[in-house]
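All remarks here apply to the structure that follows.
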Amino acid sequence: VVTLLMDNLTRAFGHGSSNHFCPVLQQAIGVDSAFEGWSPRAEGAVYRVFVPLSAPVGHAFHLEPDAGAKMPGRNFRVRVELECTCVRAQPGNNSMLCFLHHSKEELSRKQEPSLLDTLCTGPYLDVEKTARWLYRSVRADWLLLPQSYHRHLMLLPSSRSCKMQLSKGKESFVVEVLFGVRQGDSDVFVGSQPTGVHFMPSTTWHETYAVAEANFFRHVARQIPQDSWHCKCLQLLACIAVGTGFSTYALKTVVMHLLNTRPLSLWSRRDFLRRVVDVLDYLRCSLDKKRLDHFVVGNQRLPGEIALPPDLQRVEAPNLFQQLARDPDAHREAMRDY
């Protein structure tokens, strides 16, 4: 339902903004636990979709490292530059005027403003302005959707995504639309998602591996026997870990490492308890070493169909347990939780 809904919304956005110079929304990609098949909560699950953005005609996106951002991980800014469109102009009144080679007076009279004048702060695409534009688009285009999708829409507050609650009768669920810009032809993006940091500049985009990880789970689903319980294994452990210091992301990382290094035939129902023990053993070993390698960054054993930017293939994998290595008290607490 969510996938079809997003496809229809994307088409409605494109139709409604055909005369405006807004980011072009590409096909939405389901990410995170609800789409990967291991959501810890059957009730109240949040369906997160990631929508790639491309530049409108006459514009180009260029990614710049944001060295001034005081957040962990890699952060970027999306510089928006105008491009000459003179060679694309067609005869007639509806021809697009070139932002570079027509006067501001003529542009203001005959054409909608450029992306630089609407969703940018300075030369950089602004996350929060883009989120507000998405909210307005959803509200305006909701009634254009097919009748079967006419659920009650409630827009929920969020400064760096578009979050909405959809209900129909007793059925209710939340969809969170994240967005970002692809790095080259890879499965890695700079995205809008919050990082848990109290203050994040609105022109800062955080590097996200959510699409690459979701694609890994889809790759596994195509290769693994139909009776596989790998998602149930992760779901069980994620439920058990509630209330402890272990994040579901750490558990997911362990399971992805094991899926990528053990024969997929070993994840059947009859092997369920053994695989749970394998995950716990891997976690204990990581705690002892105070090191858990990131699954995507620096992983030379990723399936070939998951594309990474060249620089991410060569770097050393970040340590997700770095805090445990720095803080003996945090490490002792993690061992107690284990």
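By accessible area, using a 1.4 Å probe on protein heavy atoms only, region 224-337 has 51% of its surface on carbon and sulfur. Take M96: with every protein chain present and a 1.4 Å probe, its accessible area is about 50 Å². To the nearest ten degrees, helix 328-337 and the longest principal axis of the Cα atoms of the chain are 70 degrees apart.
Applying 1/(1 + (r/R0)^6) with R0 = 41 Å to the Cβ-Cβ distance of S247 and L107 gives a FRET efficiency near 0.25.
For every helix of n ≥ 4 consecutive DSSP H residues, a contribution of -39,500 (n - 2.57) applies; sum these over the chain, divide by its total residues, and give [θ] at 222 nm rounded to the nearest 500 deg cm²/dmol.
-10500 deg cm²/dmol
Per the Debye formula on identical point scatterers at the alpha carbon atoms of region 224-337, with no solvent, log10 I(q)/I(0) at q = 0.23 Å⁻¹ is -1.31. Each of (i) 23.7; (ii) 21.3; (iii) 22.2 is a candidate for Kirkwood radius over Cα pairs in Å; the one calculated from this structure is (iii).
Taking 0.36 nm per residue of sequence separation and removing the Cα-Cα distance, the D185/R132 pair yields an extension gain of 16.3 nm. Rounded to the nearest 5, the antiparallel percentage of DSSP beta bridges internal to the chain is 85%. On a 0 to 90 degree scale, rounded to 10, what angle separates helix 210-223 from the longest Cα axis of the chain? Once rounded, one gets 60 degrees. Amide H contacts of S268 (H built 1.01 Å from N, in plane; Pro and chain starts excluded): W229 sit under 5 Å, all sequence-distant by 5 or more or on other chains.
The values are calculated or read from the model by the stated rules, or taken from the named source; none is laboratory data. Just so we're clear, the structure is a prediction, and the values are computed from it rather than from any experiment. Neighbour counts run over all protein chains shown; Cβ positions are idealised from the backbone, glycine included. Areas reflect the complete protein model, heavy atoms only, side chains present, ligands, DNA and RNA absent. Shrake-Rupley method; radii C 1.70, N 1.55, O 1.52, S 1.80 Å.
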